[in-house]
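The values are calculated or read from the model by the stated rules, or taken from the named source; none is laboratory data. Values in this document were obtained by computation on a predicted structure and should not be read as measured data. Cβ: placed from backbone, ideal geometry, glycine included. Neighbour counts: every protein chain shown. These accessible areas exclude ligands, DNA and RNA; they are computed on the full protein's heavy atoms, side chains included. Shrake-Rupley method; radii C 1.70, N 1.55, O 1.52, S 1.80 Å.
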Amino acid sequence: MSTVILIMGEPGQGKTTSMRNLNPETTVYFDCDKKGLPWRGWRKQYSKEKENYFATSNAAAIAQEMKRIHEEKPQIKTIVVDTLNWIMIDDEFKRMKEKGYDKWLDLAYSVKALISMAKQLRDDITVLFTAHTQTEHDDSGYSFTRMKTSGKKLDKTSVESMFNTVLLAKCVDGRYLFETQARNSTARSPMGAFETFEIDNDIVEVIKVLEEF
């Protein structure tokens, strides 16, 4: 069983930048937002020609390529899907003229099916999903941050519940961090894996910690 990690946060909080130290020779990047990567020289590291960069938000195409990696590419150790939200938006736009409950049921199924499939890949693969967040406030001033989803069906199922590790990306006083445990959020990590509630947003170091855990 592979390791799956969810990295969630608002735009500009370091979700994609946290991937900067991954080895491009052993990584495949699915750029669902189709906006490129936010560090200098990324085009020399990742490209369609190298077969390690795909600008697509099509869940079926991503699943098919994941299967190929699992079966035919033993050198690949890390898969990035950035972001789950654009996969949902892509499906929603394709079916925007459809009415009724079935559309939202299919959307929920496609997202959950992709995550479930990622869990069944080789033991030596880590799959990193990113997602945007939304923060809700009540009249008492209490706030709670969770993954932003499309449709009430996904809200009810809670996508985060499919992950043992959910990191909340944030920027505090110019420092980019991951929150590792819930503080008015759905962040979580295995008990005792991380010594502090906040760590630097280097996903390579996170993977090392979880491998040793």
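Looking only at the stretch 20-32, which residues are open to solvent by 30 Å² or more (accessible area, probe 1.4 Å) and over 18 Å from ILE203 (Cα atoms)?
none
Taking the residues in the stretch 37-66 that are in a helix (DSSP H, G or I) and farther than 26 Å from ASP123 by Cα as candidates, determine which candidate is least open to solvent (accessible area, probe 1.4 Å).
TRP42
In the stretch 116-150, what residues are in a loop (DSSP other than H, G, I, E, B), open to solvent by less than 60 Å² (accessible area, probe 1.4 Å) and polar (S, T, N, Q)?
THR149, SER150, listed by residue number.
Do you know which of the residues in the stretch 122-150 that are polar (S, T, N, Q) and either closer than 19 Å to SER18 by Cα or touching a strand residue (DSSP E or B) at 6+ places or on another chain (Cβ under 8 Å) (or both) is modelled with the lowest pLDDT?
Among those residues, the one meeting the criterion is SER143.
Picking from LYS103, LYS112, which residue would you name as being among the basic types (Lys, Arg), at pLDDT below 90, open to solvent by less than 50 Å² (accessible area, probe 1.4 Å) and assigned to a helix (DSSP H, G or I)?
LYS103
Of the residues ILE79, ILE87, ILE69, which single one is under 14 Å from LEU114 (Cα atoms), of a type in the set (A, V, I, L, M), open to solvent by less than 20 Å² (accessible area, probe 1.4 Å) and part of a helix (DSSP H, G or I)?
ILE87
Scan the stretch 166-192 residue by residue and report those that are open to solvent by 10 Å² or more (accessible area, probe 1.4 Å) and touching a helix residue (DSSP H, G or I) at 6+ places or on another chain (Cβ under 6 Å).
THR186
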